[in-house]
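Engineer: Sending over a structure as structure tokens; questions will come in a sec.
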Amino acid sequence: MGEEKQQAEEKQEHPQRPNWDEYFAGVVLWVGTRGACCRRENGAVIVKGKEIIATGYNSTPRGLENCLEIGICKREDLGLPTGERYELCRAEHAEANAIIQLAWGTGGSIGTKMYVIRYPCIECARDIIQSGIIEVVYLGGKESEESKLIFEKANIKVRKLDFSVDKLINYLAEHKKYLERE
């Protein structure tokens, strides 16, 4: 069999590649699994062009025990609802951690795009604006009116991605057989 014909057959067997939004959405879901928050997994991925330049997830600052390690969430213990009294939380949010990671090593966030699992809270929205990120793509979660207002005032593009987790799961299951080939 000729090399070109073999390559064509392999390409036909290979699952459809995800578009860039779907790819980054899959990455942000995977990044979120590293979170060390008892209440919520969240991830963030900062992209410049088509390159991932930083990631972040909910976790405590470097060197401090996280809630999973100590086995308690102060906000959960106090029965506080989601979105209230973040100052009691031991963890940095995923968005803030991604911005901090960017500052640590890659040389700037100006003009970048951030993918997040949930719509950013007001604290993270301020950090996003301050960092120079120009677009936020989120997969779900309740929109914060306060965040929405300041994003609009700062001319930050925010959009919800119509993303199918089932499509990602099917893609990964289909892709798995290529990894298992001998």
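The values are calculated or read from the model by the stated rules, or taken from the named source; none is laboratory data. Note that the structure is a prediction, hence the values are computed from the model and not measured. Every residue, glycine among them, receives a Cβ derived from its backbone with ideal geometry; neighbour counts consider all protein chains shown. The accessibility values were calculated without ligands, DNA or RNA, using every heavy atom of the protein model including side chains. Shrake-Rupley method; radii C 1.70, N 1.55, O 1.52, S 1.80 Å.
Engineer: Match the structure shown to one of the listed values [x] 34, 20, 15; [y] 28, 17, 16; [z] 42, 23, 14 of semi-axes √(5λ) of the Cα gyration tensor in Å, computed from it, and give that label.
Structural biologist: Label of the calculated value: [x].
Engineer: Sticking with this one: Pull out the extension gain between E180 and K148, defined as 0.36 nm times the separation in residues minus the alpha carbon to alpha carbon distance; nm, one decimal.
Structural biologist: Values: separation 32, 0.36 × 32 = 11.52 nm, distance 4.50 nm.
Answer, rounded to one decimal: 7.0 nm.
Engineer: With n ≥ 4 as the cut-off for DSSP H runs, can you work out [θ] at 222 nm for the chain, using -39500 (n - 2.57) per run divided by the number of residues, rounded to the nearest 500? Walk me through the numbers before you get to the answer.
Structural biologist: Values: 8 runs with 78 residues, N = 182.
Per the formula, -12500 deg cm²/dmol.
Engineer: For the chain, give the share of DSSP beta bridges that are antiparallel, in percent and rounded to the nearest 5; count only bridges with both residues there.
Structural biologist: Rounded to the nearest five, the antiparallel share is 55 percent.
Engineer: What's the FRET efficiency of R126 with E65 using the Cβ-Cβ distance as r and R₀ = 35 Å, to the nearest 0.05? Mind showing how you got there, number by number?
Structural biologist: On the way: r = 27 Å, r/R0 = 0.76.
Using R0 = 35 Å, I get an efficiency of 0.85.
Engineer: Another question about this same structure. Give the total of Lys-Lys pairs in the chain with Cα-Cα distances below 16 Å; include a pair only if its members are 8 or more places apart or on different chains.
Structural biologist: Total qualifying Lys-Lys pairs in the chain comes to 11.
Engineer: Alpha carbon centre of region 101-149 versus region 66-99: separation in Å?
Structural biologist: Using only Cα atoms, the two centres lie 18 Å from each other.
Engineer: Here is a further query. Identify which of Q130, Q101, Q16 has the largest mean-square fluctuation in a Gaussian network model of the chain, with springs joining Cα atoms closer than 10 Å.
Structural biologist: Answer for the Gaussian network model of the chain: Q16.
Engineer: Taking all protein chains as present, what is the carbon and sulfur share of the accessible area of the chain, in % to the nearest whole number, probe 1.4 Å?
Structural biologist: Details: 5690 of 11650 Å².
Summing carbon and sulfur atoms, their accessible area is 49 percent of the total for the chain.
Engineer: Which one, V137, I122, C67, projects farthest toward the positive side of the charge dipole computed for the chain from Cβ point charges (K/R +1, D/E -1)?
Structural biologist: Farthest along the dipole direction, towards plus: I122.
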